[in-house]
Structures are given as structure tokens and as C-alpha cells.
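Take a look at the structure set out below.
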Ligand code: GLY
């Protein structure tokens, strides 16, 4: 294998949307930036539905994460416009809102709890009875018992987002190495680049580990520094709404059916995305009959008319899960190595804020206030002992 070498200010390991937005923003700040990924623009974003669901995916104990999610949601309109201006790509940002509904008494109790939490957090969410839900979305099942109208949870098309970020990086002069990073280079206790699977060596002053669910297993990263990230499988379906059936749904519709989350995300181009399973099965990305069956069964209970629609795609992706469901951002315990990973269910939503805070960390060495609670320090043994 031939050994070639190049040098950059920043090497980003991983070319999914988080790696790409970091590279784009770093290049905009004048840093010579490279990305290592065999297939940049790929990864979990090619599977994700693209809900910007800060309010409807709120969970107890995640109020700090909520702050970051809302911050990123607020950045989306300007971020989408800037990407469109820079590349000519429309990322499908659609301010359509979301309706979270309940099918039985248990689901309704769950939604009532969520509504109380949302209200305590000062979030916009309105309780509707079943008839009001169906007035908004006439395709809903007659059995829908009530729901939450959340006008602030929107959507973007993650595939178009990934394509736009790739184009933006290319235009900003980011260098792409189309190979896996095999090993982090560490010289005198400092990250100095990486050796790639094709034999190329990249020297860099700073390295960003943004490899999604693979971030926890890069060779060369000391054990104490490896981010505690694991893969959480999500199976997702894509259907098509023929023009004769349009408008099928006008906003994202979601529910918890017998404890499982199901959501239907309608795009303006007629695509209807139905997701998602949540499975802890390592790096398995098999689409299973059981996964497809459960998604269709639950989606059919919500919106019976989906059985008429062509099923165009089934696919599984891996969310990068972290121990507290929040991302790891900024400097790690190894000088020269930054983290931008562990975004779990919120990778698409957190893309704008991640790019901004990582660029700040790479240029100034410090994270802005909004990202400070999300450093890897919170998982270090010393910090946990004193927490
Ligand atoms: N945020 C949606 C999902 O992870 O399935």
C-alpha cells in the first residue's frame, strides 16, 4: 500500500451531516479542513425522517437537552436559507407543525403527562379532542381520542440536507479523503491526525471525531477518551402519496402505540416517511419482517388509508446513542481531539447548532455557553464521583 501524506488544520473523521456541518463551518472560518469518510453524505441521515421535534420528543430529565434542541430549531430557517444561498440546494425545510395523538386511554394518559411537562417548560402545545384532531387531519382514524397540536415542531429532508452540506463543503474548499480513518495518530499525548484505510496519512493540528455510531471504536484513541456511544437501530419506511390522494397529511402525525413510537412525516414532494423502531442490536442494519410489520400495523391504526399507498423503500440506520441521550461536543481529554457525536434521536435537529459551536471550539479553543453542558467531561470518572 502506498503511503501518501497531506496536512490540514482540521481533520474531521466522519462525513455524515454532523461531520459535514462541522467541516463547512470550520472552512468558513478560514481553517484548512479535511474530511475522512468512504462515502461522505451517507450515514444515518440517509435513513432519518428529519423531524425537528424538540417539543414532541421531550422526555423527563432532559430539560438541559431541550435548551440545546430549541436553540438549534430556532437557527434552522436562517441555516436552511444560508445553505440554499451557498449551494442552490433546497433542504426541504417545512414549517408544517406536528400533531401527537392518542388511540386509547393509556396513550391519552401518556400524552397528558407530556402536555403537563411541556407546559411546565413553557412550550407551545395545545390539547385537542379527537374531533378537533380529525378536523386538522381528516385521514386520522375515527378512534383517535385526543392529541397535542405543536405548531413549532417542523421538518427538513435529511437526504437533501446531506447533499447540500456536501456541496457547501466542496465550495468552501474542504478536502475529501474517501476512506475510513483506521487509526488516530497520537504524538506526545496529542492527537495529530489519522492513518486512513487506503494508506494515506493526514496530519492535522486538530481532529474532530464525528463518526456517528462508530465513534466509540476508533483505534488509537485512549480508552479513557473514547466516547461512550453505541448504535441504536431504527427501521424506517418510505411510501408515496399519488397525486390523487393528496393532501394525505398536512403535518407530521405521531403517536405512542402500545409503548412504541410511530410517526408519519409527509413531504411536499409526495414522500411519506414512516418510522421508527428502536433496537439495541449492535451494528445490525437488517430490515426485518417484524420491524416493517410493527411500523405498518401502528401507522395503519393511526391512519388506515396508508394501506392504499405504494411502499417504495425500507431501510435501517444506526442512531449514535449516548448514556444520557445528549450529544458530546467540543474538546476531549486528549489535547487536539474534539468530539461531535452521540446526537442519538436529534442529529438532524442539532445540525445547525453543532456546526456553530464546533467552529467556535476549533477557532478559539472554548465552547460557547449553550454547548458547555455537553462536553465529554460529564462522563469522566472524576466528574461522576463529584456529581
Ligand atoms: N427522532 C426520531 C428517531 O430517532 O426515530
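The values are calculated or read from the model by the stated rules, or taken from the named source; none is laboratory data. Source: prediction; values computed, not measured. Cβ atoms come from the backbone with ideal geometry, glycine included; neighbour counts cover every protein chain shown.
Name the residue that is nearest to residue 292 (Cα to Cα), counting only residues in the range 229-242 that are away from the ligand (no atom under 16 Å from the Cβ) and assigned to a strand (DSSP E or B). Reasoning before the result, please.
Within the range 229-242, the first condition is being away from the ligand (no atom under 16 Å from the Cβ), and the residues that meet it are 239-242.
Next cut, assigned to a strand (DSSP E or B) only: 239-240.
On the way: 239: 12, 240: 16 Å.
The residue in question is 239.
Working carefully through the options 333, 361, 340, 366, find the one that is modelled with pLDDT under 95 and either farther than 18 Å from residue 66 by Cβ or more than 24 Å from the chain's Cα centre (by Cα) (or both). Lay out the reasoning, then the answer.
On the way: 333 fails: modelled with pLDDT under 95; 361 fails: modelled with pLDDT under 95; 340 fails: modelled with pLDDT under 95.
Result: 366 is the single residue among 333, 361, 340, 366 that is modelled with pLDDT under 95 and either farther than 18 Å from residue 66 by Cβ or more than 24 Å from the chain's Cα centre (by Cα) (or both).
Please list, ordered by first then second residue, the pairs with beta carbon atoms under 6 Å, 6 or more apart or interchain, first in the range 117-139 and touching a residue at least 24 places away in the same chain (Cβ under 8 Å), second in a helix (DSSP H, G or I).
125/115; 125/118; 139/305
Among the residues of the range 212-228, is there at least one that is within 15 Å of the ligand (Cβ to nearest atom), assigned to a helix (DSSP H, G or I) and closer than 30 Å to residue 195 by Cα?
Step one: filter the range 212-228 for residues within 15 Å of the ligand (Cβ to nearest atom), giving 212-213.
This time we only want the ones that are assigned to a helix (DSSP H, G or I), so: 212-213.
Remaining after also requiring closer than 30 Å to residue 195 by Cα: 212-213.
Scanning the range 212-228 turns up at least one residue that is within 15 Å of the ligand (Cβ to nearest atom), assigned to a helix (DSSP H, G or I) and closer than 30 Å to residue 195 by Cα.
Among the residues of the range 57-75, count how many are part of a loop (DSSP other than H, G, I, E, B) and in contact with a helix residue (DSSP H, G or I) (Cβ under 8 Å, 6 or more places away or on another chain). Even if it seems obvious, please write down each step before you answer.
Of the residues in the range 57-75, the ones part of a loop (DSSP other than H, G, I, E, B) are 57-62.
Within this subset, residues satisfying the condition of being in contact with a helix residue (DSSP H, G or I) (Cβ under 8 Å, 6 or more places away or on another chain) are 57-58, 60.
Result for the range 57-75: 3.
Rundown of residues vs (1) touching a helix residue (DSSP H, G or I) at 6+ places or on another chain (Cβ under 8 Å); (2) surrounded by fewer than 18 Cβ atoms within 10 Å (Cβ to Cβ), yes/no style:
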site	(1), (2)
305	yes, yes
318	yes, no
321	yes, no
328	yes, no
334	no, no
338	yes, no
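Residues that are away from the ligand (no atom under 16 Å from the Cβ), touching a strand residue (DSSP E or B) at 6+ places or on another chain (Cβ under 7 Å) and more than 25 Å from residue 20 (Cβ to Cβ): find the strands (runs of 3 or more DSSP E) completely inside the range 270-387 holding 2 or more of those. Even if it seems obvious, please write down each step before you answer.
Working: elements: 271-275, 311-321, 328-331, 337-341.
Output list reads 311-321.
Only residues that are buried (at least 24 other Cβ atoms within 10 Å of the Cβ) and in a helix (DSSP H, G or I): list them for the range 42-56, please.
44, 45
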